[in-house]
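The values are calculated or read from the model by the stated rules, or taken from the named source; none is laboratory data. These figures come from a predicted structure and were not determined experimentally. Because the Cβ atoms are built from the backbone with ideal geometry, glycine has one as well, and the counts that use them run over all protein chains shown.
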């Protein structure tokens, strides 16, 4: 009995019963079959060889469809595992998911793979690709699957199958001599996989549990074409050159030491940048009506129980005991701001109240996930909390949206992505509260004309949030700012205000940050500008480079005047040729170089070089200082 399926253009195509996506693609065009990777059936991506169902809406997925790249990468992860087991038969396989920009696969090995091993594995992957091995899906009963993977000596697969809930379809994929537990979908044959690269290895614990087996994780990436892969690899090389850990060391900005794991030590030059970021936000706070507060770092656990952190967040906190009382280092500022708000009586006329805090925070991060400045255990946020009446929320949110966009543009972040993160499983408050909070954030975004996507289940435990991500110079997304609506914490701390009719109301608490962690933001900014900070942020704004010791006194006069004007300069009196001094200043990415010889000293001028534009010629000293002061004032990029 024939079946009919609807195509993307709403045309209907009749097919014989049992026809597959392969049959559909072949029937439309042999060229389409060659280009096909999978099919989309009623919105779900499936194998190209999946049987079609009567009445379904079907599209053939080619490289033009964004879903195709995930199918290619997932299939390449299987290709990797097959190659590994061909070359290293004793290896046990874990899992191999798609991740952003690629994939990984975990292996239990006797000895971690070396770079030479990766080359051999990649060569074997190419051989399997050339064999064009068919990839075939099979559905299994639970006991059959357990027995099969047990007989194969794959304990991790047996564990995964055993934990699957009753009634779930269990599927495996066979490609030649390799068989794996997987939901799919996959490409129809290994010949579809042509442009891939293994990148590096890392240690990983089975299912992220430090008490379980340590595995060798192999990272790789795959694309449709070699050209796309080559471009991606070029960007990776550029990212290595911009790595903030490398540049931080070369530019003398910060260091890390085993005496304080995952806790940065900022050197003088790094501290200049750090303080400039704080000062910039402080100036904005004055304009936006924020009041800065300072709060303690260690507080009695009773407060953290009131706030809900003790129950919902304690695995990320540090605890200590003093005089038989338990204290915790604060991971967030919000409860301390509630204590400040609660010290006085407030009228609706006082609201909104906006508290900003640059206090140091401490959060426990496992050593395996810490990374340079972007994931540390101690940090400071440009953190603030707004206490307002419910009817003031709309205005406060609109004001915050304008504020955050202005800040990001100052730093040259022009592409901004917005996500609305909704209620997590582990949360405080009633469903009614969450409905109201999520609705208010969505309405505010719509009224501001800001496009956003939904990130289900990723809200904070006390409220939903809007997350703001910026794209850096390499088009990589970084989550920075956040705005969170919290009805729970003000109620838990008994915070009130007097409403216009004289009755008591509970304020809404808006948690917000723009740069987020200053440490993390600084790491991102270093990579965004490749360490070449705009003049207003540069630790050294101009290098003074005398050609001869005859002009040292003139150079010192320039240094003294620059310091009076608040311009950060560095005087290089080394007995080196001027070209070497210029080269070193360039390596330190100093924006301006002032080259001084007898002619400049006699005329009261400076010969100006720019780190990008090169020689700018001789300029009057006052003219140069006026120019650089203006660049600093307007925060030119």
Seminar exercise, completed: Output for Cβ contacts, cut-off 8 Å, separation at least six or different chains, first residue assigned by TED's automatic domain parsing to the domain that holds residue 488 and on the phi > 0 side of the Ramachandran plot in region 447-460, second surrounded by 12 or more Cβ atoms within 10 Å (Cβ to Cβ) and in a strand (DSSP E or B), reads 457/421
Exercise. What residue, of 583, 599, is over 21 Å from residue 251 (Cα atoms) and assigned to a helix (DSSP H, G or I)?
Worked result: 599
Exercise. How many residues are within 43 Å of the chain's Cα centre (by Cα), farther than 12 Å from residue 624 by Cα and surrounded by 16 or more Cβ atoms within 10 Å (Cβ to Cβ) if we restrict to region 587-611?
Worked result: 6
For this session: Among the residues of region 18-42, write down those that are assigned to a helix (DSSP H, G or I) and touching a helix residue (DSSP H, G or I) at 6+ places or on another chain (Cβ under 6 Å).
Result: 25, 26, 32, 33
Exercise. How many of the residues in region 369-418 are crowded, with 18+ Cβ neighbours inside 10 Å, assigned to a helix (DSSP H, G or I) and over 25 Å from the mean Cα position of the chain (by Cα)?
Worked result: 2
Exercise. Where in region 428-510 are there strands (runs of 3 or more DSSP E), lying wholly inside it, with at least 3 residues that are within 30 Å of residue 533 (Cβ to Cβ)?
Worked result: 465-471, 477-486
Exercise. Does residue 161 satisfy being without any contact (Cβ under 8 Å) to a residue 40 or more places away in the chain and surrounded by 19 or more Cβ atoms within 10 Å (Cβ to Cβ)?
Worked result: yes
For this session: Determine whether region 230-248 contains at least one residue that is farther than 30 Å from residue 539 by Cβ, touching a residue at least 12 places away in the same chain (Cβ under 8 Å) and surrounded by fewer than 21 Cβ atoms within 10 Å (Cβ to Cβ).
Result: yes
Exercise. Within region 68-86, is even one residue surrounded by 16 or more Cβ atoms within 10 Å (Cβ to Cβ) and outside any helix (DSSP H, G or I)?
Worked result: no
Problem set entry | Qualifying positions in region 292-328 - closer than 28 Å to residue 404 by Cα, surrounded by 13 or more Cβ atoms within 10 Å (Cβ to Cβ) and in contact with a strand residue (DSSP E or B) (Cβ under 9 Å, 6 or more places away or on another chain) | 292, 293, 295, 297, 309
For this session: Filter region 48-60 for residues that are touching a helix residue (DSSP H, G or I) at 6+ places or on another chain (Cβ under 7 Å) and part of a strand (DSSP E or B) and give the result.
Result: 58, 60
